[in-house]
Amino acid sequence: MKKTGSVYLPLHRGKIPPYLFSLMKNLGREIVLQIIERYGTEEFLRRLSHPVWFQSLGCLLGFDWHSSGLTTATLSALKEAISPLSPDIGLFITGGKGEKGIETPKEIEYWSDKSGIDGERLIYCSRMTAKVDNVALQDGYSIYQHFFTFDEKGRWVVIQQGMNPSFSMARRYHWIWEGLKSFIDEPHKGICGKREKEVLNLVADESKECRESIVNMLEEKNEILKFIHNARNIKLPERHQIFWRNTDERRLEKVFLDIIEKKVKDFETLIGIRGVGPVTVRALALICEIIEGKRPSYKDPVRYTFAHGGKDGHPFPVKREVYIESINFLTEVLKNCKIPPLEKERKLKKLATLLPD
């Protein structure tokens, strides 16, 4: 499974002014139509999946460059602007923030029926991307918005965002249909953000044995129930980032019994079961390590915390090729948007001055 990256943003309160949202819709619609007309829906989806391109699009539409609200405002504006045109251009934007995100499957089904594509497969992809980032990768950010965009060929992109109220920060995750191999084995191509210390990463390659053991362990009904009943008296390793305290043992036992009855065959099926959330998965990982000795990964998949590095070499030296790529992405955005020619030329010249000789 290919995940193109994520962005780390501060949480901002407040609502976007109606006049600005209306302008964002109008400009966003024209940008999307221009890209689709020139390059097709496939290319637009690729660009949408790129965190740098998406961030630049939000800035171009006039939103705060470093606000968590950029995600919601930009995608909500595009959704409202594109939906009336969706049947004609073959592009469909579903989902949203909070309850609107929960309604994503119904929206996918609605547009799939109209376009004659396999809606069930798309709904499954939508659910699994959300489950992975919220359940299998527990990095402290709970998913609170989920947008699923697809075209009439069944190609799709997910942009979703998680919140960590303790630090007043958000992480944005980008997914793309290309390179689909597995939802549960190293699905992230790259994640940018602040590296967290307490992370349960069950989609890491080093968690493979743990994932397999969890599934196999579900056949040992008596062992699991014995562990749950005696958990308060078991000495757990101090280094653990997974805690048993505040766990409702009766509810956990009921969930485990329901899972066992379903005779789960693999980890992907397990996390796809409705009702299996972060607490259940954490408990399973802990039980698996104690009983089977299979330790999951506790490494945050974040690979770097700055886009281009720093002049003093921290956290790493400036990467020239990445810097140039970012500028080229911004240049491409400007070339494909409808703004007055003189203004466009002025902005392109300004960007060109950033490129090295």
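If we scan the stretch 77-91, do we find a residue that is among the aliphatic types (A, V, I, L, M) and loosely packed, with under 15 Cβ neighbours inside 10 Å? Don't jump to the end; show me each part of the working.
Initial filter on the stretch 77-91 (among the aliphatic types (A, V, I, L, M)): 77-78, 81-82, 85, 89, 91.
From the residues that got through so far, the ones that are loosely packed, with under 15 Cβ neighbours inside 10 Å too are 85.
Yes; the residues of the stretch 77-91 include at least one that is among the aliphatic types (A, V, I, L, M) and loosely packed, with under 15 Cβ neighbours inside 10 Å.
All of (1) without any contact (Cβ under 8 Å) to a residue 60 or more places away in the chain; (2) buried (at least 22 other Cβ atoms within 10 Å of the Cβ) hold for residue 105 with one exception: (2).
Within the span defined as the stretch 34-43, one or more residues are closer than 26 Å to residue 180 by Cα, aromatic (Phe, Trp, Tyr), over 15 Å from the mean Cα position of the chain (by Cα) and surrounded by fewer than 18 Cβ atoms within 10 Å (Cβ to Cβ). Among the residues making up the stretch 108-152, those that are part of a strand (DSSP E or B) and of a type in the set (A, V, I, L, M) are 137, 143.
Can you pull out every residue in the stretch 84-107 that is assigned to a loop (DSSP other than H, G, I, E, B) and over 22 Å from the mean Cα position of the chain (by Cα)?
First pass over the stretch 84-107, keeping only residues assigned to a loop (DSSP other than H, G, I, E, B): 90, 98, 103.
Answer for the stretch 84-107, where residues must be assigned to a loop (DSSP other than H, G, I, E, B) and over 22 Å from the mean Cα position of the chain (by Cα): just 90.
Condition first: surrounded by fewer than 23 Cβ atoms within 10 Å (Cβ to Cβ) and of a type in the set (Val, Ile, Thr). Now tell me which residues in the stretch 121-131 satisfy that. Across the stretch 121-131, the qualifying residue is only 123.
Here's the yes/no breakdown for (1) under 16 Å from residue 72 (Cβ atoms); (2) charged (D, E, K, R); (3) in contact with a strand residue (DSSP E or B) (Cβ under 9 Å, 6 or more places away or on another chain); (4) not assigned by TED's automatic domain parsing to the domain that holds residue 280:
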{"position": "136", "(1), (2), (3), (4)": "no, no, yes, yes"}
{"position": "142", "(1), (2), (3), (4)": "yes, no, yes, yes"}
{"position": "146", "(1), (2), (3), (4)": "yes, no, yes, yes"}
{"position": "150", "(1), (2), (3), (4)": "no, no, yes, yes"}
{"position": "156", "(1), (2), (3), (4)": "no, no, yes, yes"}
{"position": "173", "(1), (2), (3), (4)": "yes, no, yes, yes"}
{"position": "176", "(1), (2), (3), (4)": "no, no, yes, yes"}
{"position": "186", "(1), (2), (3), (4)": "no, yes, no, yes"}
{"position": "199", "(1), (2), (3), (4)": "no, no, yes, yes"}
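For the structure I just gave you, tell me whether residue 224 is assigned to a helix (DSSP H, G or I), buried (at least 16 other Cβ atoms within 10 Å of the Cβ) and at pLDDT below 85. Yes; evaluated as a whole, the condition is true for this residue.
The values are calculated or read from the model by the stated rules, or taken from the named source; none is laboratory data. Note that this is a predicted model, so its numbers are computed, not measured. For neighbour counting, all protein chains shown are included, and Cβ atoms are generated from backbone atoms with ideal geometry for every residue, glycine included.
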